[in-house]
Amino acid sequence: TEKSIHFSDSNVGLENLGIGGTIDFLCSINREEELHITNLTCEVTFGDTQFSIVRSRDHSTISFTPARSMHMRDSISSIIPLFEEMIPLGDATILGATASFRAKDQGWGNMKGRVYLRIWDENNFVDYPLTGTLNHSWIEYSWNSDSIANFKNNIPMGARAQLMCTVGGGGGHELFVDNMVLKFKIGRPQRAIENDIIFVRESTMNSTRSDNIVPLFEDKIAITDDLRGIKIRFRAKDQGWGNRKGHVVMRIEKPSGSVQDVFLHDNVLEHEWKAYEYNSSRVAQENIQKGDTVQFMCKVGGGGGHELHIEQLNAEFTLRNTTRIFAPAKPVDILNSIDELVPLYEEKIPCGVNALKRARITLRAKDQGWGNIKGKVYLRVWANGVKNIVRDIEVASINHNWNTYTYNSPADIQSLVPPGSVIQFMVKVGGGGGHEVHIENFVSQLTFSDAPRDEIVTNSHSPPTIACGAKVKSLNTTGNTSDIVVKVIKHDGSTRTTFPLANHLDANFLNPRVAIGDRLRFEGLIPANFKVTASFLPLEIPDHENVVVHFTDRINYWVFIHGKEATNILDDDQGLELKMKLRALTVSCTWTDDNPEEESTGKLILLLKDANGNEKGRYDVFGTVTHDWVHKMRVFDSGSELVRSAAEGDKLQLMHEIGDNGELHVDNLDMYLMLTE
């Protein structure tokens with residue numbers, strides 16, 4: 001049955017739904033009954049402004065469709081707002097923009113009216129004309145940004161759009177506009193955090209008459225990093241009659257070519273549609289590793305007449321490491337002719353308590369095109385917030401002509417960028433006059449490890465060397481160590497110390513001799529069965545002006561009483577006292593409610609109190625928890641309400657809230673506070 005229902009404010013009380021409210025769809029169903037709904041569409045119309053974001057798999061569209069006509073009277077020639085609304089474009093890359101509308105002027109006399117699109121970058125702006133001079137009669141206008149060179153590359157992160165107009169000076173001028181539709185096509189965010197691989201397919205059917213395992217989808221998913229977990233959901237059934245033989249299978253293929261088939265459900269498929277879920281708790285036993293590929297397969301069944309139907313397959317592979325992408329779309333042109341390093345971009349990237357595992361940076365650049373070559377791009381490492389420069393790492397040396405440059409970090413990048421650092425990209429143009437640097441298509445991918453991983457070397461490495469990105473907890477060696485010494489090499493290449501290797505060395509022996517950033521080189525007579533495993537202590541920030549709260553164990557909460565009050569996660573119920581002024585605060589974790597049968601309710605809340613215990617502010621850190629394991633990071637910078645409100649002597653509490661029948665599971669929870677006097 002097709003249903004179409006219209007709700008208006010006269011029959012449902014929509015006036016009670018304010019800005020920021022939500023609309024939920026619920027259903028009522030009696031025991032042992034069924035309810036099937038498809039093609040549900042909801043269109044919401046707002047009073048005087050229609051603003052929407054439509055998301056698809058490949059891109060999104062931001063639409064501004066004001067449901068009102070505009071009639072402007074003015075006697076000045078300056079550009080003024082046609083609509084007061086500013087449209088936030090967020091951190092996405094703008095792929096293009098279109099506008100369609102109808103417009104005319106007063107209908108007589110001189111023609112002076114024009115319509116513009118203004119792109120705001122904080123207090124600066126650029127105006128793009130959408131029309132020439134308006135005519136006296138109504139004309140339909142259609143505008144496309146494809147006609148403007150570099151339009152999409154000139155819109156920075158956080159930009160806003162606004163429709164403007166010129167009515168015309170001299171008296172008597174008017175401007176009429178209606179049926180305005182402005183759309184922005186947006187692609188990937190210019191600033192993003194990635195730590196999962198998502199594979200989605202709508203539906204397929206396979207009728208192979210065989211008991212062999214055959215491809216369900218041809219796609220092979222490359223596992224690009226160590227896995228933390230997997231969650232696979234789908235609906236499936238067989239032909240609906242006769243013997244049941246169907247299975248859905250995940251095939252794991254190793255780089256060597258060997259394969260392992262994992263059945264994603266316990267029994268053969270049913271005749272009727274049924275929902276299946278394969279949970280992340282089984283990841284360890286399947287031994288999926290970096291470099292493997294995964295393909296979804298199926299076993300239909302031999303004998304004739306067998307079919308396998310699957311729909312709504314959604315697979316999420318959550319990685320242990322998190323990649324932070326910074327890809328500002330706006331080109332940079334610098335003509336300062338000085339030898340000092342200046343910011344290429346003002347944005348700064350705090351590492352928090354995470355170790356930088358690798359960095360990959362690509363860009364297109366050129367200098368002034370003649371004379372001496374001096375332009376360079378650097379990755380700057382700050383300590384104590386942005387108080388002290390640790391080092392500047394060269395990323396690219398720029399030539400006269402446009403070239404694409406790629407920087408891949410060395411293996412010891414953890415020692416160059418320790419936990420607690422702040423990263424900023426810098427540029428040197430070059431002194432002496434006439435020097436320039438032009439940069440576009442800048443993309444940095446910084447991959448952080450959520451915890452120190454064991455490092456293993458064998459006799460196949462020449463010489464066997466381990467980089468220490470954290471304090472060494474232990475060295476465990478197999479094979480004869482009597483003729484082997486360990487040389488501790490500092491970052492500048494000099495030797496810190498040398499000591500004989502033993503089959504086991506603990507932190508008490510190693511910590512006085514090995515510092516973060518050192519390399520351990522094993523020299524001497526290396527036996528054939530030689531193998532060293534280095535384990536590391538939890539990451540620390542070596543700086544007294546930073547406070548790190550690191551929760552080493554997974555935190556699990558189950559609540560079966562509705563309305564339970566938020567409780568403090570920190571051991572000290574009085575809260576964490578700010579000994580100095582708070583400059584920035586980063587919270588990161590991996591979390592889930594792992595409870596798809598119930599509504600997600602869990603939250604993490606930061607509570608700010610003054611020295612007397614009075615509440616000053618309550619801040620939702622990540623929103624509501626999801627059913628799947630996901631990595632979350634939130635930075636409260638100097639402009640945030642929390643940091644602006646916090647004063648020396650105030651106290652912070654990190655709380656958890658869980659609603660009726662809720663669960664909340666939190667792993668690798670870190671709080672990183674940057675303080676200043």
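The values are calculated or read from the model by the stated rules, or taken from the named source; none is laboratory data. On a predicted model such as this, the values are computed, not experimentally measured, just so you know. We place every Cβ from the backbone using ideal geometry, glycine too, and count neighbours over all the protein chains shown. For the accessible areas, the whole protein counts, side chains as well, though only heavy atoms, and no ligand, DNA or RNA atoms are used. Shrake-Rupley method; radii C 1.70, N 1.55, O 1.52, S 1.80 Å.
Taking into account only those residues within the range 193-224 that are of a type in the set (Gly, Ala, Ser) and open to solvent by 30 Å² or more (accessible area, probe 1.4 Å), which is modelled with the highest pLDDT? Here the answer is Ala222. Scanning the range 85-109 for residues that are out of contact with any Leu (no Cβ under 9 Å at 6 or more places or on another chain) and either without any contact (Cβ under 8 Å) to a residue 12 or more places away in the chain or outside any loop (DSSP other than H, G, I, E, B) (or both) yields Pro88, Ala92, Thr93, Ile94, Leu95, Gly96, Arg102. Looking only at the range 395-413, decide whether some residue is assigned to a helix (DSSP H, G or I) and closer than 24 Å to Leu537 by Cβ. Yes, because at least one residue in the range 395-413 is assigned to a helix (DSSP H, G or I) and closer than 24 Å to Leu537 by Cβ.
Checked against (1) of a type in the set (A, V, I, L, M, F, W, C); (2) closer than 30 Å to Phe199 by Cβ; (3) modelled with pLDDT of 75 or more, Leu40 meets all criteria but (3).
Reported count of residues in the range 631-646, each being open to solvent by 30 Å² or more (accessible area, probe 1.4 Å) and hydrophobic (A, V, I, L, M, F, W, C), is 2.
Among the residues of the range 228-259, those that are of a type outside the set (Phe, Trp, Tyr), more than 16 Å from Ile213 (Cα to Cα) and part of a loop (DSSP other than H, G, I, E, B) comprise Gln239, Gly240, Gly242, Asn243, Lys254, Pro255, Ser256, Gly257. Of all residues in the range 473-497, those that are in contact (Cβ under 8 Å) with a residue 24 or more places away in the chain have Cβ atoms under 7 Å from Cβ atoms of residues that are assigned to a loop (DSSP other than H, G, I, E, B) and of a type in the set (Val, Ile, Thr), 6 or more apart or on another chain, in Ile484/Ile526; Val488/Val514.
Consider the range 647-676 and keep the residues that are at pLDDT below 80 and in a loop (DSSP other than H, G, I, E, B). The one that is surrounded by the most Cβ atoms within 10 Å (Cβ to Cβ) is Gly659. Annotation: Arg118 fulfils all but one of (1) modelled with pLDDT under 90; (2) touching a Leu at 6+ places or on another chain (Cβ under 8 Å); (3) among the basic types (Lys, Arg); the unmet one is (1). Given the criteria more than 30 Å from Asn154 (Cβ to Cβ), at pLDDT below 90 and either basic (Lys, Arg) or surrounded by 15 or more Cβ atoms within 10 Å (Cβ to Cβ) (or both), does Ile288 qualify? Criteria met by Ile288.
Restricted to the range 587-617, and to residues there that are over 27 Å from the mean Cα position of the chain (by Cα) and part of a strand (DSSP E or B), the residue that is surrounded by the fewest Cβ atoms within 10 Å (Cβ to Cβ) is Glu615. Residue count for the range 453-469 satisfying the condition of being assigned to a loop (DSSP other than H, G, I, E, B), open to solvent by less than 10 Å² (accessible area, probe 1.4 Å) and either β-branched (Val, Ile, Thr) or at pLDDT 85 or above (or both): 1.
Considering the range 415-440, the residues that are open to solvent by 10 Å² or more (accessible area, probe 1.4 Å) and either without any contact (Cβ under 8 Å) to a residue 12 or more places away in the chain or touching a Leu at 6+ places or on another chain (Cβ under 6 Å) (or both) include one that is nearest to Tyr672 (Cα to Cα), namely Lys428. Within the range 312-323, the presence of at least one residue that is under 30 Å from Arg201 (Cα atoms), among the aromatic types (Phe, Trp, Tyr) and in a strand (DSSP E or B) is confirmed.
Those strands (runs of 3 or more DSSP E) of the range 168-221 in which 1 or more residues are touching a helix residue (DSSP H, G or I) at 6+ places or on another chain (Cβ under 7 Å), more than 27 Å from Ser63 (Cβ to Cβ) and among the aliphatic types (A, V, I, L, M) are absent. Of the residues that sit in the range 110-127 and are open to solvent by 30 Å² or more (accessible area, probe 1.4 Å) and in a strand (DSSP E or B), which one is farthest from Ala92 (Cα to Cα)? Selected residue: Arg114. Checking Leu130, Leu95 one by one, the residue that is surrounded by 14 or more Cβ atoms within 10 Å (Cβ to Cβ) and touching a His at 6+ places or on another chain (Cβ under 8 Å) is Leu95 and no other.
Considering only residues in the range 58-105 that are over 30 Å from the mean Cα position of the chain (by Cα) and acidic (Asp, Glu), the one that is modelled with the lowest pLDDT turns out to be Asp74.
Flag: Tyr378 does not match the condition of being of a type in the set (Phe, Trp, Tyr) and not in a strand (DSSP E or B). Do we have any residue at all in the range 352-361 that's of a type in the set (Val, Ile, Thr), open to solvent by less than 60 Å² (accessible area, probe 1.4 Å), farther than 28 Å from Thr406 by Cβ and in contact with an Asp or Glu (Cβ under 9 Å, 6 or more places away or on another chain)? The answer is yes; a qualifying residue exists. Asp412 falls short of the stated requirement of being in contact (Cβ under 8 Å) with a residue 24 or more places away in the chain, surrounded by fewer than 19 Cβ atoms within 10 Å (Cβ to Cβ), acidic (Asp, Glu) and over 30 Å from Ala515 (Cβ atoms). Kindly indicate whether Asn135 is part of a helix (DSSP H, G or I), surrounded by 14 or more Cβ atoms within 10 Å (Cβ to Cβ), of a type outside the set (Asp, Glu) and touching a strand residue (DSSP E or B) at 6+ places or on another chain (Cβ under 7 Å). Here the answer is no, as Asn135 does not meet what is asked. Would it be correct to say that Thr49 is within 30 Å of Arg102 (Cβ to Cβ) and either at pLDDT below 75 or not hydroxyl-bearing (Ser, Thr, Tyr) (or both)? So Thr49 passes the test.
Could you tell me whether Ile139 is over 30 Å from His309 (Cβ atoms) and β-branched (Val, Ile, Thr)? The answer is yes for Ile139.
Across the range 141-181, the number of residues qualifying as of a type in the set (Ser, Thr, Tyr) and open to solvent by less than 20 Å² (accessible area, probe 1.4 Å) comes to 2. Close contacts from the range 644-658, counting a first residue that is within 21 Å of Gly623 (Cβ to Cβ) and a second that is of a type outside the set (Lys, Arg) and in a helix (DSSP H, G or I), with Cβ to Cβ under 9 Å and a gap of 6+ residues or different chains, come to Leu652/Leu642.
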